[in-house]
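This report concerns only the one structure given below.
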Amino acid sequence: MSIRIGIDLGGTKTEIIAFDQAGRELLRRRASTPAGDYEATLDTIARLVAEVEQRWGTGASVGIGTPGALSPATGLLRNSNSVWLNGRLLKQDLERRLGREVRIANDANCFALSEAVDGAARGSEVVFGVILGTGVGGGVVVNGHPLRGVNAVAGEWGHNPLPWPEDDERPGPACYCGRHGCIETFLSGPGLSGDHTRHAGQRLEAPEILAQAAEGNTLCEAALKRYEQRLAKSLATVINLLDPDVIVLGGGLSNMLRLYGNVPKLWARWVFSDVVGTRLVRNAHGDSGGVRGAAWLWN
């Protein structure tokens, strides 16, 4: 029996999952990522793969999801917040260690793929997966296959400018990418917190803002309404460009259930159509989407 292995290579933990050919989960395990040590990171992945194959007595395909992307020009990993991986030939080095082809994709692409294959967007032709967390990422899946793009940046909506900004949103907060007013600076968890601080003069984290809004705090409620409008405008540009069947939200802020009712009521104002059939849905697999999608890279 051959199996599929998916690996979520994160900054603090490395998770592995194994599926049989029918898509049944066989095993899931986590290990600490040796932060800052590239060779030890490769060793950890090789050890986890070997343990799975020894347990089940068969070889496996290996897919890996990680922040960042492989440069089409050099093959080097770039833009990863696990900085010790940047500038490395991660794919080639792992293939030498494991003795087989390895498929690597951005973790947001893996999330979108997981939800498209057997999650909240199952059966949909075009899916846009959104990560709303410490950062803002995205991935595109078409007919069950992740869209990488010639520049390996398909779905990276977080570093476009906030569309249709209000006067008080210009030029926008500074972004680590060197620009101002990126979508990420408004729609990430720190972005929501920073917006509330600018308007209310009090620093609260995103979960606290949500909780206090539910208790009737008008300043927190105003912050959430600004957030919903910005999310609606930003997703409207995605609909105008991609016209997906489904948009799936992931990341910590996807747990704000009010988004799924409020945002679709707002985005029609900016969508270039007289009808919006796109559905906005919550993820089905939680923070397991990345590791599951990595396995499905061999679908």
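The values are calculated or read from the model by the stated rules, or taken from the named source; none is laboratory data. These numbers were taken from a predicted model, which means no experiment stands behind them. Cβ atoms come from the backbone with ideal geometry, glycine included; neighbour counts cover every protein chain shown.
List of remarks:
- Of all the numbered requirements in (1) touching an Asp or Glu at 6+ places or on another chain (Cβ under 7 Å); (2) under 28 Å from I239 (Cβ atoms); (3) outside any strand (DSSP E or B); (4) not assigned by TED's automatic domain parsing to the domain that holds L235, S124 misses one, and that requirement is (4).
- Residues within the stretch 239-269 that are over 18 Å from P163 (Cα atoms), aliphatic (A, V, I, L, M) and surrounded by fewer than 15 Cβ atoms within 10 Å (Cβ to Cβ), tallied: 1
- The residue of the stretch 270-299 that is nearest to the chain's Cα centre (by Cα), among those that are surrounded by fewer than 20 Cβ atoms within 10 Å (Cβ to Cβ) and among the basic types (K, R), is R282.
- Out of T237, T197, sole residue that is more than 19 Å from Y260 (Cα to Cα) and modelled with pLDDT of 95 or more: T197
- In the set (1) over 21 Å from the mean Cα position of the chain (by Cα); (2) crowded, with 16+ Cβ neighbours inside 10 Å, A112 fails one condition alone, (1).
- Any hit, the stretch 130-145, residues being free of Cβ contacts under 8 Å to residues at least 24 places away in the same chain, in contact with a Leu (Cβ under 6 Å, 6 or more places away or on another chain) and either of a type in the set (G, A, S) or surrounded by 18 or more Cβ atoms within 10 Å (Cβ to Cβ) (or both): no
- Scanning the stretch 5-34 for residues that are over 11 Å from V291 (Cβ atoms), surrounded by 14 or more Cβ atoms within 10 Å (Cβ to Cβ) and either in contact (Cβ under 8 Å) with a residue 24 or more places away in the chain or among the charged types (D, E, K, R) (or both) returns G11, D20, L26, L27, T33.
- Evaluation of R230 against the conditions (1) free of Cβ contacts under 8 Å to residues at least 24 places away in the same chain; (2) buried (at least 18 other Cβ atoms within 10 Å of the Cβ) shows that the sole unmet condition is (1).
One line per residue, one yes/no per condition, for (1) closer than 27 Å to C110 by Cβ; (2) surrounded by 13 or more Cβ atoms within 10 Å (Cβ to Cβ); (3) touching a helix residue (DSSP H, G or I) at 6+ places or on another chain (Cβ under 8 Å):
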| position | (1), (2), (3) |
| --- | --- |
| V150 | yes, no, no |
| V153 | yes, yes, no |
| P163 | yes, yes, yes |
| G181 | no, yes, yes |
| F186 | yes, yes, yes |
| G194 | no, yes, yes |
| A206 | yes, yes, yes |
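- Residue in the stretch 208-221 that is without any contact (Cβ under 8 Å) to a residue 60 or more places away in the chain, of a type outside the set (S, T, N, Q) and either closer than 30 Å to L241 by Cα or in the same structural domain as G65 (by TED's automatic domain parsing) (or both) present: no
- Among the residues examined, A22 does not qualify as among the aliphatic types (A, V, I, L, M) and modelled with pLDDT of 95 or more.
- For the stretch 35-79, the set of residues classified as out of contact with any helix residue (DSSP H, G or I) (no Cβ under 9 Å at 6 or more places or on another chain) and either touching a residue at least 60 places away in the same chain (Cβ under 8 Å) or within 23 Å of G135 (Cβ to Cβ) (or both) consists of S71, P72, R78, N79, listed by residue number.
- Looking across the stretch 33-84, the residues that are within 20 Å of the chain's Cα centre (by Cα), at pLDDT 95 or above and among the β-branched types (V, I, T) come down to V62, I64.
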